[in-house]
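Just below is one structure, and these are the notes that go with it.
The values are calculated or read from the model by the stated rules, or taken from the named source; none is laboratory data. All values derive from a computational prediction rather than experimental measurement. Cβ coordinates were reconstructed from backbone atoms using ideal geometry, including for glycine residues, and neighbour counts include every protein chain displayed. Ligands, DNA and RNA are stripped out before the accessible areas are found, and what is left, the full protein with its side chains, is counted by its heavy atoms. Shrake-Rupley method; radii C 1.70, N 1.55, O 1.52, S 1.80 Å.
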Amino acid sequence: MLNNDLLRRLRYVFDYNDIEMINIFKLGDLEVSRDVLVNWLKKEEDEGFQSLHDIKLATFLNGLIVKNRGRRDGEQPKPEKTLTNNLILKKLKIALSLRDDDIIDILKLAGLNASSHEISAFFRNPNQPQYRLCKDQMLRNFVHGLQIKLRKN
C-alpha cells in the first residue's frame, strides 16, 4: 500500500483538516508546510505529487500516538526508516488503544473474518515461526473498517 494512499485514507477516516494533519506531524517532531502536505495528499497522476517516504509516515503515526495517548516519559521513539504493514498496524493499534478483539471487530465491518491467532501473529517478532506478514489487503480492510466504524456515513 502506498504511503500517500494510507495518509489520504487516514485523513478521511479521522476527518482531519490540513492544520490538524500538520499538528500531528509536529507532535511526531516534524515541521511540515501546508504546500508539502498538499503534495503528499495528491494522487500519483496529479501534477505536484510527492512521494511520502517511510520515515515521514512513521513520524505521522508517532504523532497520532502522541495526540491520542499523550507523550511518554523520557526520550520519544525515533521514527523507523523502513515501515512494514505490520509496523503500521501496530502503530495504529497503539494510537487507538485497540485490543486484538477490537481489530477483529473492525475487520468484520469491512467483511473480513480473522481469528485472534491470525491477528496476534502480526504483532510477533519477525524471527518467531508464528510471525505472519500483514499484506496490503489486510491493512486496506482494516482502514476501511475503521472508516465504517468512525465515520458512520
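Key figures for this structure:
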quantity: Spatially close lysines, pair count over the chain: Cα under 13 Å, gap of eight or more or interchain; calculated: 7
quantity: Equivalent ellipsoid, region 80-153 (semi-axes from 5 times Cα gyration tensor eigenvalues, Å); calculated: 20, 14, 11
quantity: Cα convex hull of region 112-153, projected area averaged across orientations, nm²; calculated: 3.4 nm²
quantity: Å² of accessible area per residue within the chain, as computed with a 1.4 Å probe and no ligands counted; calculated: 58 Å²
quantity: Difference of contour (0.36 nm per residue) and Cα-Cα distance, F49 to M1; calculated: 15.7 nm
quantity: Debye intensity ratio in log₁₀ form over the Cα atoms of region 14-92, taken at each q of 0.11, 0.26 Å⁻¹; calculated: -0.29, -1.36
quantity: Cα centroid separation - region 1-58 against region 66-97, whole Å; calculated: 16 Å
quantity: Cα-based Rg / Dmax (Å) for region 69-112; calculated: 13.1, 41
quantity: Dipole of the chain, positive end: most advanced residue of V36, P77, I55 [Cβ charges, Cα centre]; calculated: P77
quantity: Whole-Å semi-axes of the chain's equivalent ellipsoid (Cα gyration tensor); calculated: 25, 18, 15
